[in-house]
Amino acid sequence: MNATEILKQNESKRTKCVVYTRVMGYHRPVESFNLGKKGEHKERVKFREK
């Protein structure tokens, strides 16, 4: 069974996920950003400690 089939089977169980990010000391939902800020958020590099 591939990933597409699994997603189709569980479509009724899925819910919307709200992603928050810290901006200038406040936590804000990414969905409220304007188009330019959303693009900037997608380009961010996440820190991973080795």
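Here are the numbers:
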quantity	calculated
Every pair of residues 6+ apart whose Cβ atoms lie under 7 Å, when the first sits in the range 37-50 and is on the phi < 0 side of the Ramachandran plot while the second is surrounded by 10 or more Cβ atoms within 10 Å (Cβ to Cβ) and β-branched (Val, Ile, Thr)	LYS38/VAL30; HIS41/THR21; HIS41/VAL30
Close pairs (6 angstrom Cβ cut-off, 6 or more residues apart or separate chains): within 27 Å of HIS41 (Cβ to Cβ) and free of Cβ contacts under 8 Å to residues at least 40 places away in the same chain in the range 7-21, surrounded by fewer than 10 Cβ atoms within 10 Å (Cβ to Cβ) and not basic (Lys, Arg) anywhere	TYR20/HIS27
Selection within the range 2-42 - assigned to a loop (DSSP other than H, G, I, E, B) and surrounded by fewer than 10 Cβ atoms within 10 Å (Cβ to Cβ)	ASN2, ASN10, ARG14, THR15, LYS16, CYS17, VAL18, VAL19, MET24, GLY25, ASN34
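Throughout, read-outs are computed from the coordinates displayed, never taken from laboratory work. Remember, it's a predicted structure, so these values are computed and weren't measured experimentally. Glycine gets a Cβ as well: all are built from the backbone with ideal geometry, and neighbour counts include every protein chain shown.
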